[in-house]
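Below is one structure; the comments refer to it alone.
The values are calculated or read from the model by the stated rules, or taken from the named source; none is laboratory data. Remember, predicted model here, so these are calculated numbers, not experimental data. In this analysis, Cβ positions are derived from the backbone assuming ideal geometry, glycine residues included, and neighbour counts consider all displayed protein chains.
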Amino acid sequence: MKRTLLKFAAIALLVATPLVSMAATAGLPDFTSIVEKYGPTVVNVRADITQPSPFMRGPGGQQQAQVPDIFRFFGFPVPPQQQMQPEEEISMGSGFIISSDGYILTNDHVVDGAKKISVTLADHREFTAKLVGADATFDIAVLKIDAHNLPVVNIGNSNALKPGQWVLAIGSPFGFDHTVTAGIVSAVGRSLGPNDQRYTPFIQTDVPINRGNSGGPLFNMDGQVVGINSQIFSNTGGFMGVSFAIPIDVAMNAVQQIKTKGYVERGMIGVYLQPVSPNTAKGLGMSRVEGALVASVMPDSPAAKAGIKPGDVIVAYDGKTINSVDDLSPMVGLTPPGSIARLTVIRFGKTLNFNVKVEQAPRGKHALASMEQAISGNGLGLTVQDLSAGQREQLDLKAGEGVQVSTVSGPSRDAGLQPGDVILMVGQQRVGSVTQFENAVRAYKPGQVAILLVRRGQVSQFVAVPVPKPGAGKQ
């Protein structure tokens, strides 16, 4: 069954008084003091939004209804198949007060596209909120209400979190405000892949989170906020024991930048990456599968100036080990522009070190996609890798048939392609290697449409991907 990442949050855990007493005598934690002290800092956020019709372009450019893998809102949206035209909707989520003069932190996806934002406090007072600023990449939004002497959360240190520690969530799942749920930290520094907040090292927990908890606080046992509840991993749309929170260190860094500069800046070094497979590691003279493989390097980028080349495998960044391709992006993104980062790479069996001066990444989703297209070099926003003999056998493909999609951005992502898809043809040309794919794609000029035969599972279909013109999509 297909599992889906949902930007949803927590379900009520209603516990009778006798059960609380039994839990206390059994040595389990008692959260009542945290709830009593910091419950009033949690607010309900309501956003009146206009939701666009969720259509994608299919083969030949026809509009096709699409149920997104990532639901962007934690409120109560109209089912996608019913949204034939943009409609007025209500997004409901949570937030928490970070300063006594009315600054509130929540998720960007809770208020994205809002014409009006309302905040309801624990004492039932309701305010119209102003959106101070937001960052879609970190999924952070800062609100301001006209109020004073408000209760404030205690900000903690998410870097100190360890798997196994107890954590507590307070939010408004399904509109039930100030619902309390608890669990443990399952993992830290978790990446959700290149297409979903690649710069965020998520905190994974088993705290029950459902729609409406989005933007609410995650507390440690000292009553400190260590994260913002943001997403769940589910194959039903409901809580399945895997939820994700944005580390508070990341969030507060973004808040400070939004309040002082109006935007969030991130580091970039100008490389396009792909996973290291067992066969790739063997071919590159590596003793084990690790690191992030550099597929291409942007001309005149920090990486290019430092001497990084395609085929290099980055295995450490400023002394931190890179176990997989998903580890690197959060580290680079959180590096202040202008800093010098030390990269350790394996170049065909030889270990080398490089000092790279980190630059500021373009701001905005479209600008980042534009940069990715420039790095990928083929204009479609795709990187691919060769298939092993075992993979071809699994897919019932012949030798020398097909290449597998590693990363997707820009027009290819808009067309619905996903990592793991297998491309069999580009136009009328069959492709069976990265070189053949790149050569076939280069035949298309900006403004033309590339026709790809794509296989997903046991189903193959043609997908039309427009080749963007220079400057398209930039902000």
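Residue 286 meets all of the listed conditions (1) touching a Leu at 6+ places or on another chain (Cβ under 7 Å); (2) over 18 Å from residue 198 (Cα atoms); (3) part of a loop (DSSP other than H, G, I, E, B); (4) not polar (S, T, N, Q) but one, namely (1).
Are any of the residues in the stretch 279-292 touching a Pro at 6+ places or on another chain (Cβ under 7 Å) and not assigned by TED's automatic domain parsing to the domain that holds residue 172? Write out each step before concluding.
Step one: list which residues in the stretch 279-292 are touching a Pro at 6+ places or on another chain (Cβ under 7 Å), which gives 289.
Applying the additional criterion that residues be not assigned by TED's automatic domain parsing to the domain that holds residue 172 yields 289.
Yes, because at least one residue in the stretch 279-292 is touching a Pro at 6+ places or on another chain (Cβ under 7 Å) and not assigned by TED's automatic domain parsing to the domain that holds residue 172.
The set of residues in the stretch 260-283 that are part of a loop (DSSP other than H, G, I, E, B) and charged (D, E, K, R) comprises 261, 265, 266. Restricting 94, 99, 186 to residues that are under 27 Å from residue 333 (Cα atoms), touching a helix residue (DSSP H, G or I) at 6+ places or on another chain (Cβ under 9 Å) and of a type in the set (S, T, N, Q) narrows the list to 94. Please tell me if residue 287 is in contact (Cβ under 8 Å) with a residue 40 or more places away in the chain and surrounded by fewer than 21 Cβ atoms within 10 Å (Cβ to Cβ). Judged against the criteria, residue 287 is not a match.
Count of the stretch 437-450 residues, restricted to those that are farther than 18 Å from residue 462 by Cα and polar (S, T, N, Q), is 1.
For the stretch 179-199, a residue qualifies if it is in contact with a Ser or Thr (Cβ under 7 Å, 6 or more places away or on another chain) and not basic (Lys, Arg), and the qualifying residues are 179, 183, 184, 185, 186, 194, 197, 199.
Regarding residue 238, is this residue modelled with pLDDT under 90, within 17 Å of residue 93 (Cα to Cα) and either touching a Gly at 6+ places or on another chain (Cβ under 7 Å) or among the polar types (S, T, N, Q) (or both)?
On the way: modelled with pLDDT under 90: yes; within 17 Å of residue 93 (Cα to Cα): yes; either touching a Gly at 6+ places or on another chain (Cβ under 7 Å) or among the polar types (S, T, N, Q) (or both): no.
Here the answer is no, as residue 238 does not meet what is asked.
Residue count for the stretch 93-109 satisfying the condition of being part of a loop (DSSP other than H, G, I, E, B), among the polar types (S, T, N, Q) and more than 15 Å from residue 134 (Cα to Cα): 2. Residue 90 meets all of the listed conditions (1) in contact with a strand residue (DSSP E or B) (Cβ under 9 Å, 6 or more places away or on another chain); (2) closer than 23 Å to residue 179 by Cβ; (3) surrounded by fewer than 19 Cβ atoms within 10 Å (Cβ to Cβ); (4) modelled with pLDDT of 90 or more but one, namely (4).
Residue check: is residue 446 in contact with a strand residue (DSSP E or B) (Cβ under 6 Å, 6 or more places away or on another chain) and closer than 23 Å to residue 295 by Cα? Answer is no for this residue. On the basis of being buried (at least 19 other Cβ atoms within 10 Å of the Cβ), modelled with pLDDT of 95 or more and more than 16 Å from residue 290 (Cα to Cα), does residue 332 make the cut? So residue 332 does not fit the description; no.
Summed over the stretch 350-370, residues that are at pLDDT below 90 and within 20 Å of residue 311 (Cα to Cα) total 0.
When the residues of the stretch 417-461 are filtered to those that are of a type in the set (D, E, K, R) and over 28 Å from the mean Cα position of the chain (by Cα), the one that is modelled with the highest pLDDT is 430.
Here residue 255 meets each of (1) crowded, with 18+ Cβ neighbours inside 10 Å; (2) farther than 19 Å from residue 103 by Cβ with one exception, condition (2). Residues that are of a type outside the set (S, T, N, Q) and assigned to a strand (DSSP E or B) were ranked within the stretch 298-324; the one that is nearest to residue 278 (Cα to Cα) is 313.
Just to be sure before I move on: is residue 219 in the same structural domain as residue 177 (by TED's automatic domain parsing), buried (at least 19 other Cβ atoms within 10 Å of the Cβ), modelled with pLDDT under 90 and out of contact with any Cys (no Cβ under 7 Å at 6 or more places or on another chain) in the structure I sent?
On the way: in the same structural domain as residue 177 (by TED's automatic domain parsing): yes; buried (at least 19 other Cβ atoms within 10 Å of the Cβ): yes; modelled with pLDDT under 90: no; out of contact with any Cys (no Cβ under 7 Å at 6 or more places or on another chain): yes.
No: the conditions fail for residue 219.
Taking the conditions (1) part of a strand (DSSP E or B); (2) assigned by TED's automatic domain parsing to the domain that holds residue 159; (3) not polar (S, T, N, Q) in turn, residue 295 satisfies each one other than (2).
Scan the stretch 209-220 and tell me whether some residue there is among the β-branched types (Val, Ile, Thr) and either touching a helix residue (DSSP H, G or I) at 6+ places or on another chain (Cβ under 8 Å) or at positive phi (or both).
Yes; the residues of the stretch 209-220 include at least one that is among the β-branched types (Val, Ile, Thr) and either touching a helix residue (DSSP H, G or I) at 6+ places or on another chain (Cβ under 8 Å) or at positive phi (or both).
Among 111, 132, 119, 180, which is in contact with a strand residue (DSSP E or B) (Cβ under 6 Å, 6 or more places away or on another chain), surrounded by fewer than 17 Cβ atoms within 10 Å (Cβ to Cβ) and of a type in the set (A, V, I, L, M)?
Working: 111 fails: surrounded by fewer than 17 Cβ atoms within 10 Å (Cβ to Cβ); 119 fails: surrounded by fewer than 17 Cβ atoms within 10 Å (Cβ to Cβ); 180 fails: surrounded by fewer than 17 Cβ atoms within 10 Å (Cβ to Cβ).
Of 111, 132, 119, 180, the one residue that is in contact with a strand residue (DSSP E or B) (Cβ under 6 Å, 6 or more places away or on another chain), surrounded by fewer than 17 Cβ atoms within 10 Å (Cβ to Cβ) and of a type in the set (A, V, I, L, M) is 132.
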